1. Any residue that is among the polar types (S, T, N, Q), buried (at least 19 other Cβ atoms within 10 Å of the Cβ) and either within 15 Å of the ligand (Cβ to nearest atom) or farther than 19 Å from residue 205 by Cβ (or both) - is there at least one of those in the stretch 82-93?
2. Hey, can you tell me all the residues within the stretch 287-302 that are within 16 Å of the ligand (Cβ to nearest atom), in a loop (DSSP other than H, G, I, E, B) and modelled with pLDDT under 95?
3. Among the listed residues 368, 399, identify the single one that is within 16 Å of the ligand (Cβ to nearest atom) and either among the polar types (S, T, N, Q) or not in a strand (DSSP E or B) (or both).
4. Any residue in the stretch 133-143 that is of a type in the set (S, T, N, Q) and in contact with a Gly (Cβ under 9 Å, 6 or more places away or on another chain)?
5. Is at least one residue of the stretch 31-46 in contact with a His (Cβ under 7 Å, 6 or more places away or on another chain), part of a helix (DSSP H, G or I), closer than 27 Å to residue 140 by Cβ and outside the structural domain of residue 301 (by TED's automatic domain parsing)?
6. In the stretch 134-148, which residue that is among the hydrophobic types (A, V, I, L, M, F, W, C) and surrounded by fewer than 21 Cβ atoms within 10 Å (Cβ to Cβ) is nearest to the ligand (Cβ to nearest atom)?
7. Picking from 312, 303, which residue would you name as being buried (at least 21 other Cβ atoms within 10 Å of the Cβ), within 23 Å of residue 133 (Cα to Cα), touching a residue at least 24 places away in the same chain (Cβ under 8 Å) and among the small types (Gly, Ala, Ser)?
Amino acid sequence: MTNPPGGPRRAPVFRDVPDAQWNDWHWQLSHRLNKADELERVFPLTESERAALAAGDLFRVDVTPYFASLIRPEDPADPIRRQVIPTAAELVPFTAMMEDSLAEDRHSPVPGLVHRYPDRVLMLVTTQCASYCRYCTRSRIVGDPSAQFSSSEYEEQLDYIRATPQIRDVLLSGGDPLTLAPKILENLIASLREISHVEIIRIGSRVPVFMPMRVDDDLCAMLGRYHPIWFNIHVNHPNEITPELAAAADKLTRAGVPLGNQSVLLAGVNDCVHIQRRLVQDLVRIRVRPYYLYQCDLVEGAGHFRTPVSKGIEIIEGLRGHTSGFAVPTYVVDAPGGGGKIPLGPNYLLSMSDHRVALRNFEGYISSYEEPTAYSAHDPAECAECKRKRAEPGQSGISGLLDGDELAIEPIDWAKMHARGGVEHRLNRDSNKWNPRGIGTSSASGGSHPADPTGPRKEK
Ligand SMILES: *Cc1c(COP(=O)(O)O)cnc(C)c1O
């Protein structure tokens, strides 16, 4: 069975596999390559790759025959090869490297459930993937088949979501949720759908990229029964966009599932404006909208993939305005220590006065925008949505300042350091006109903000 010209790519070693097996995702999973001699039948290994594969406690290696076939055998720097075949560089520690750099474990009220943001949770439902990315941010838990989640752990995760009405968005991830047995995956999705406050369910999966045959009619019909379902795939390089991936994306979008892409900025793989431009343009051609471009996390084994943050800024500079707006992802640094995703990009705001802003565009053209001098401000007292707003304890942050809920955000021990035993000034005792907002006073005597019709503020 040879490959038709322009048709699906298969490494010569898989030439004689019957189509029915090649296109069966169970066959792909059970024939994954992980040992040096197996990989060597597809392409010659380098010294560095052989050394890594022989190392003792290496993060798990597995590559589906389909994905291995996309590697150009003669090129040790092939961008697909770099993502899934370990090299000796993986064994090199670097400063600032951490096991759980996003502090996910600290944010997990029950095992596998990461509640980092006010209204949504990340639900890790398996430790298994179809193939293993060498830069995996969760290599501390992923890959170990003995660390699989149990049904009682799923129940604990679901119980937490049931008992937490502010959760309106549940993101299934892992590991890769699409490696679960179809019945288990459906049961999880069905249980989430029964929770009335869960508005949307999201799936984060690289299976369409590693093993597009998993996206079959049954899967699409199943997902279609539990809408709204959103889906993010993970493509890093245009070489991953094959006719098979295009067909899988087409099936999913026809089933009503909007597709996004999350990619990771990786040295030697996609740290190039031109590769990124082709990537995002090829993605929108298959109706996948670029969602996030991640700065590589400070995770063990991934040091050689890291780029300076400036590379990410440069890439966004080369995309915004230069190509379709919906092809431009948001570049984010997932802040170490559990700070969450922080968007970064070029600066377009050059300066501002009380009624004008100076802006530059993607070409360097600079213009000014005249702001209104008579703006009748939005009145929260007249707005039904403002009155309905839900408290987000400890989560209001900067938007809490703008909203008027909070007066200041203080670093740890700030108040203690500034408590110098002062007494209230005599002028302040008689009236509040000297310090109308009560800043720096310990009593709650501060008046209300003139623009805040909702009355006195809470003291922090
Ligand atoms: C990324 C992430 C989410 C989802 O974030 P969005 O910006 O809404 O895509 C939710 N929880 C955790 C812990 C995450 O890391």
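1. So far as the stretch 82-93 goes, yes, one or more of its residues are among the polar types (S, T, N, Q), buried (at least 19 other Cβ atoms within 10 Å of the Cβ) and either within 15 Å of the ligand (Cβ to nearest atom) or farther than 19 Å from residue 205 by Cβ (or both).
2. In the first step, residues of the stretch 287-302 are kept if they are within 16 Å of the ligand (Cβ to nearest atom); the result is 288-299.
Still in the list and also in a loop (DSSP other than H, G, I, E, B): 288, 295-298.
If the condition is that a residue be within 16 Å of the ligand (Cβ to nearest atom), in a loop (DSSP other than H, G, I, E, B) and modelled with pLDDT under 95, then 297, 298 are the ones that fit.
3. Only one candidate passes the filter, namely 399.
4. Within the stretch 133-143 (the criterion being of a type in the set (S, T, N, Q) and in contact with a Gly (Cβ under 9 Å, 6 or more places away or on another chain)), the answer is yes, since at least one residue qualifies.
5. At the first step, the residues of the stretch 31-46 found to be in contact with a His (Cβ under 7 Å, 6 or more places away or on another chain) are none.
No, there is no match, as no residue in the stretch 31-46 is in contact with a His (Cβ under 7 Å, 6 or more places away or on another chain), part of a helix (DSSP H, G or I), closer than 27 Å to residue 140 by Cβ and outside the structural domain of residue 301 (by TED's automatic domain parsing).
6. Among residues in the stretch 134-148 that are among the hydrophobic types (A, V, I, L, M, F, W, C) and surrounded by fewer than 21 Cβ atoms within 10 Å (Cβ to Cβ), the one nearest to the ligand (Cβ to nearest atom) is 141.
7. Result: 312 is the single residue among 312, 303 that is buried (at least 21 other Cβ atoms within 10 Å of the Cβ), within 23 Å of residue 133 (Cα to Cα), touching a residue at least 24 places away in the same chain (Cβ under 8 Å) and among the small types (Gly, Ala, Ser).
Condition check ((1) modelled with pLDDT of 95 or more; (2) in the same structural domain as residue 286 (by TED's automatic domain parsing); (3) not small (Gly, Ala, Ser)) across all residues:
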| position | (1), (2), (3) |
| --- | --- |
| 312 | yes, yes, no |
| 329 | yes, yes, yes |
| 332 | yes, yes, yes |
| 358 | yes, no, no |
| 369 | yes, no, yes |
| 377 | no, no, no |
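The values are calculated or read from the model by the stated rules, or taken from the named source; none is laboratory data. Please read all numbers here as calculations on a predicted model, not as lab measurements. Reconstructed Cβ throughout: ideal geometry from the backbone, glycine too, with neighbour counts over all protein chains shown.
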